[in-house]
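A.B. asks: I'd like to ask you about the structure that follows.
The values are calculated or read from the model by the stated rules, or taken from the named source; none is laboratory data. Note that the coordinates shown come from a computational prediction; the quantities given were computed from them, not determined experimentally. Every residue, glycine among them, receives a Cβ derived from its backbone with ideal geometry; neighbour counts consider all protein chains shown. Ligands, DNA and RNA are excluded from the accessible area calculation, which covers all protein heavy atoms including side chains. Shrake-Rupley method; radii C 1.70, N 1.55, O 1.52, S 1.80 Å.
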Amino acid sequence: MPSKIVKGDKVLVLTGKDKGKTGEVIQIFTKSHRALVSGINMSIRHTKQSEKNAGGRIPKEAQIHISNLALMDPKNNIATKVGFKLVDGKKVRFAKKSGELING
């Protein structure tokens, strides 16, 4: 089944500590239905100093469940649902609010 949210999409966070923030999807984890979104759900990784890195507290993105994300409409820049339709024999995604095709 095709995914409604894919890598590179601009999404809005619906719930949690980052509710209302937007970001771009970095990576999708299909088996666990989770995603990494740039600047969202930040956690601190404590690393030991080594020859390669200085160590210390390094902020990084943690995974967030896809059900807590909504795709941003490319035309209106508001949250929208995603639909699928056939265009020239290809299955493509479209924004339900504006009807515009979504790249990807």
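A.B. asks: Remind me, relative contact order of the range 25-79 in percent, using alpha carbon pairs under 8 angstrom and six or more residues apart?
C.D. replies: Value for the range 25-79: 30 percent.
A.B. asks: Output the Cα-based Rg and Dmax of the range 1-82 in Å, rounding Rg to one decimal and Dmax to a whole number.
C.D. replies: 14.8, 48
A.B. asks: For the residue pair VAL92 and ILE44, what label-to-label distance in nm results when each label sits 7 Å from Cα along the Cα-to-beta-carbon direction?
C.D. replies: 4.7 nm
A.B. asks: What nm value, rounded to one decimal, do you get for the distance between LEU14 and HIS33 when each label is placed 7 Å out toward the C-beta?
C.D. replies: 1.1 nm
A.B. asks: Please report, as a whole percent, how much of the solvent-accessible surface of the chain comes from carbon and sulfur atoms (probe radius 1.4 Å).
C.D. replies: Carbon and sulfur atoms account for 51 percent of the accessible area of the chain.
A.B. asks: Further, regarding this structure: How many nm separate the modelled label positions at GLU100 and LYS85, each set 7 Å beyond the Cα in the direction of the Cβ?
C.D. replies: In this crude label model, GLU100 to LYS85 measures out at 1.5 nm.
A.B. asks: Please report the equivalent ellipsoid semi-axes of the range 58-104, computed as sqrt(5 x eigenvalue) of the Cα gyration tensor, largest first, in whole Å.
C.D. replies: Value: 26, 13, 10 Å, ordered largest first.
A.B. asks: Output the peptides 47-54, 69-76, 34-41 sorted from most to least packed, where packing is the average of other Cβ atoms within 10 Å over each peptide's residues.
C.D. replies: Peptide ranking by packing, descending: 34-41, 69-76, 47-54.
A.B. asks: Please work out the average accessible area per residue across the chain, using the 1.4 Å probe convention, and give it in Å².
C.D. replies: On the way: 7310 Å² over 104 residues.
Each residue of the chain exposes 70 Å² on average to a 1.4 Å probe.
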